[in-house]
Amino acid sequence: RYTAEGSWDYKIIQPGYKYNLTDVAAALGYQQLARAEEMREKREAVARYYLASMADIHEISLPPDDENRLHSWHLFPIRLNLDELTIDRNGFIEELKRNHVGFSVHWRPLHMHPLYAERLGWSDVHFPAASKMWKEIISLPIYSAMTMEEMAHVVNSVTRICAAYSKGAMSVAA
């Protein structure tokens, strides 16, 4: 639009928001770009540690790691195998809190947002796979400045929680 060949005309085809960065925010972002690959590599190291350390925990599924892809590892979501556990995601979250492990829950399905539920009448029955997965996903902490001690604490906490609430452990004890 702003080149010699561009047009003054434009059309808005969807509702939304216009976000502009301030000059200061843009300058900070520009400087951070110089560190982007270094930070990605450090997050990848954390992800590799998690993947190797939690590979044998049957109560969770780890994110896929395709060697033919360059992953940003901006999130590290695990999927709880609820058929293998005696607690649900919210119980698992409470255990993470008790162990002082940061976490988040991502990817709330659109139909669970009031805008879509109220305007379009969407509900769990319309999106059963997304509704099921929503109850199984937790994102573990991953950031470029994580220390080995912090990574080990996350892994040890997840391992202990899974062992404590494993249905396999219940049947062995019985």
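Listing for the model above:
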| item | result |
| --- | --- |
| Set 145, 173, 163, 152: member being closer than 24 Å to residue 55 by Cα and at pLDDT below 95 | 173 |
| Residue under evaluation residue 21, criteria (1) part of a helix (DSSP H, G or I); (2) at pLDDT below 95; (3) open to solvent by 60 Å² or more (accessible area, probe 1.4 Å); (4) hydrophobic (A, V, I, L, M, F, W, C), criterion not met | (1) |
| Some residue of segment 87-101 being over 21 Å from residue 145 (Cβ atoms), touching a Lys or Arg at 6+ places or on another chain (Cβ under 8 Å) and of a type in the set (Val, Ile, Thr) | no |
| Residues (under 20 Å from residue 104 (Cα atoms) and free of Cβ contacts under 8 Å to residues at least 40 places away in the same chain) located in segment 46-80 | 48, 51, 61, 62, 63, 64, 71, 72 |
| Test for residue 16: is it open to solvent by less than 50 Å² (accessible area, probe 1.4 Å), modelled with pLDDT under 95 and more than 25 Å from residue 150 (Cβ to Cβ) | no |
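The values are calculated or read from the model by the stated rules, or taken from the named source; none is laboratory data. What you see is a predicted model, and the numbers here were worked out from it, not measured in a lab. With ideal geometry, Cβ positions are generated from the backbone for all residues, glycine too; neighbour counts draw on all protein chains shown. Accessible surface areas use protein heavy atoms only, side chains included; no ligands, DNA or RNA. Shrake-Rupley method; radii C 1.70, N 1.55, O 1.52, S 1.80 Å.
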